[in-house]
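Engineer: A single structure is presented below for examination.
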Amino acid sequence: MAKVASKKVVTGREAEDWQAEVNELHANGYHTHALALVSARARAGHVDRDTLAQLALCYFNLGDFDSGVKLCGVLVQKWPEDAEAWVLYGNFLNAMGHQDQAVEKFERALKVNPYYSEAIQEIYRLKGFSNNSLYVSRLKKIIKPKSSGRIKIGRALNLLGTMELKSGNGKAAFRYFAQSKASQLTEPYDTDEFSRRVALQKDLYRPHSHSAENSDGPKVLFVCGLPRSGTTLCERILLRHSDVASVGESQALIATETEVQKFMHDKGHGRDRYNWVEALTDDDASVFRKYYYERAMFGQDRGDVIVDKMPQNVLSIGLAKRILPDAKFVFLARHPLDVALSNFSIYFTNVLPYTCRLEWMAGMIRTVYDSVLDYEGKLPRDIRSQSFRALVTDPEVQIRALLEHCGLDWQEACLSPEKGDAMVRTASLAQVQEKINTHGLGSVDIQDSQAG
């Protein structure tokens, strides 16, 4: 039977760089472990600025939003000249839907540091400003060579591109977007990595004949696709159902896949990404199922049905189905041109290398659709390809079909995702308060709609 290595929690005094350790824990979804480490520092008397900021982040990531916000209040009271603390405060308030208060905090950050690009970017998102404003002159100073760090320059370039695009200056906008994306690339990108992976999937993956459904945890609904394809809207619709909770954009399946590959290799089955297809036993699958649940839910009871909305899970559908037999999958299909352009014009805090060039994005889109078509043929009852255009133009019909696919009864509340109070921390944050609408359809989507 598989044995999964657990991550040791150490105190700050044992760690060479405790903040690096905490950030790694957050990145891998170990928010409870991160809280334990930071709390140990606080109990040991290390009540400094960094400890309080990390403590606030821990509580917020674990869903205790009030404690996270209160700690931010303490943080800025003790260190009022810390612009980063004001931005963290504003981000928390914005994520909770308190836009006016968030703007106030971002403005406060700019009083401390007038060239803080993230604060300027968030103010533009929330209330906008003109092309001849003081904010724009600051942005143009930020992007001068050697004037700022890579991240600040990238944000500033992206925002200038967004403003040019809104003004109808497409050529200037794409010049800024290309410069912004180039600033994010720190190492060469392997353009063939994912295509090799899907080639293995098509050649080696075969569905497993399950004798029973998993009964030791909630049913999982994987909402996946490409970034900016409508996955956030789909998640919000499902979360309006009274039986459904969310684990957000969880790294749980990605972490589980890594552990499965290590286990298979240690058992002598090589390094092939799909070496588990024939070799993984039902007992092994049960262990890794528990591993997935632990990382997805952090030991919290979230009910009988959960949504895992990590777009990149689209390439791991086979493994998810193997360890979670009753899982269902929804793939959001949006016109490739709109997906590519949307990704190219967004600044992702966590860099997605394939979004940094349009030709790379095109290759990724082809690869993802190649993967999904293969899975649709092998798991026809488990995957629903959901058209984004159909979802926003004919929502009731599409949502009824979506709920039926997921094994959920009809609830009219699902027609009003904007009324939900669940947290969303993605690049789609600005859209979650809106009713279902066609604003997200680009010119290609609209032409396709008229032709259909």
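The values are calculated or read from the model by the stated rules, or taken from the named source; none is laboratory data. From a predicted model like this one, the values you see are computed outputs, not experimental measurements. Cβ coordinates were reconstructed from backbone atoms using ideal geometry, including for glycine residues, and neighbour counts include every protein chain displayed.
Engineer: Residue under question is Leu253, and the condition is that it be within 17 Å of the chain's Cα centre (by Cα), hydrophobic (A, V, I, L, M, F, W, C) and in a helix (DSSP H, G or I); does it hold?
Structural biologist: On the way: within 17 Å of the chain's Cα centre (by Cα): yes; hydrophobic (A, V, I, L, M, F, W, C): yes; in a helix (DSSP H, G or I): yes.
Spelling it out, Leu253 is indeed within 17 Å of the chain's Cα centre (by Cα), hydrophobic (A, V, I, L, M, F, W, C) and in a helix (DSSP H, G or I).
Engineer: Under 9 Å between Cβ atoms, at least 6 apart or on separate chains: pull out the pairs that start in the stretch 204-217 with a residue that is touching a residue at least 12 places away in the same chain (Cβ under 8 Å) and within 16 Å of Val287 (Cβ to Cβ) and end on any residue that is β-branched (Val, Ile, Thr) and in a helix (DSSP H, G or I).
Structural biologist: Going by the 9 Å Cβ cut-off, the qualifying pairs are His208/Val277; Asn214/Ile323.
Engineer: What tally of residues in the stretch 113-129 results from selecting those that are in a helix (DSSP H, G or I) and surrounded by 18 or more Cβ atoms within 10 Å (Cβ to Cβ)?
Structural biologist: Initially, the stretch 113-129 is screened for residues in a helix (DSSP H, G or I), giving 117-127.
Narrowing further to those that are surrounded by 18 or more Cβ atoms within 10 Å (Cβ to Cβ): 117-124.
Number of matching residues: 8.
Conditions tested, residue by residue: (1) over 24 Å from Asp100 (Cβ atoms); (2) touching a residue at least 12 places away in the same chain (Cβ under 8 Å); (3) touching a strand residue (DSSP E or B) at 6+ places or on another chain (Cβ under 9 Å); (4) not basic (Lys, Arg).
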{"residue": "Lys127", "(1), (2), (3), (4)": "no, yes, no, no"}
{"residue": "Ser130", "(1), (2), (3), (4)": "no, no, no, yes"}
{"residue": "Ser133", "(1), (2), (3), (4)": "no, no, no, yes"}
{"residue": "Ser137", "(1), (2), (3), (4)": "yes, no, no, yes"}
{"residue": "Ile143", "(1), (2), (3), (4)": "yes, yes, no, yes"}
{"residue": "Gly154", "(1), (2), (3), (4)": "yes, yes, no, yes"}
{"residue": "Leu157", "(1), (2), (3), (4)": "yes, yes, no, yes"}
{"residue": "Leu160", "(1), (2), (3), (4)": "yes, yes, no, yes"}
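Engineer: Right, another one. Using beta carbons and a limit of 6 Å, which pairs, at least six apart or on different chains, have the first residue in the stretch 11-22 and at pLDDT 50 or above and surrounded by 12 or more Cβ atoms within 10 Å (Cβ to Cβ) and the second one among the hydrophobic types (A, V, I, L, M, F, W, C) and part of a loop (DSSP other than H, G, I, E, B)?
Structural biologist: Every condition considered, the pairs that remain are Glu21/Ala15.
Engineer: Further question: Within the stretch 214-228, can you find the residues that are at pLDDT below 85 and touching a Leu at 6+ places or on another chain (Cβ under 9 Å)? Break it down into steps so the answer makes sense when it comes.
Structural biologist: First, pick out the residues of the stretch 214-228 that are at pLDDT below 85: 214-215.
Passing the criteria: only Asn214.
Engineer: Considering only the stretch 256-290, state which residues are over 21 Å from the mean Cα position of the chain (by Cα) and of a type in the set (Ser, Thr, Tyr).
Structural biologist: Across the stretch 256-290, the qualifying residues are Tyr274, Thr281, Ser286.
Engineer: Please pick out the residue among Lys78, Lys152, Lys105, Lys141 that is exposed (fewer than 15 other Cβ atoms within 10 Å of the Cβ) and under 29 Å from Ser167 (Cβ atoms).
Structural biologist: Values: Lys78 fails: under 29 Å from Ser167 (Cβ atoms); Lys152 fails: exposed (fewer than 15 other Cβ atoms within 10 Å of the Cβ); Lys105 fails: exposed (fewer than 15 other Cβ atoms within 10 Å of the Cβ).
Just one listed residue meets the conditions, Lys141.
Engineer: Scan the stretch 38-50 residue by residue and report those that are surrounded by fewer than 22 Cβ atoms within 10 Å (Cβ to Cβ), in contact with a helix residue (DSSP H, G or I) (Cβ under 8 Å, 6 or more places away or on another chain) and of a type outside the set (Lys, Arg).
Structural biologist: Answer for the stretch 38-50, where residues must be surrounded by fewer than 22 Cβ atoms within 10 Å (Cβ to Cβ), in contact with a helix residue (DSSP H, G or I) (Cβ under 8 Å, 6 or more places away or on another chain) and of a type outside the set (Lys, Arg): Ser39, Ala42, Asp50.
Engineer: Looking at the structure I just gave you, is Ala27 over 14 Å from Phe92 (Cα atoms) and modelled with pLDDT of 90 or more?
Structural biologist: Here the answer is no, as Ala27 does not meet what is asked.
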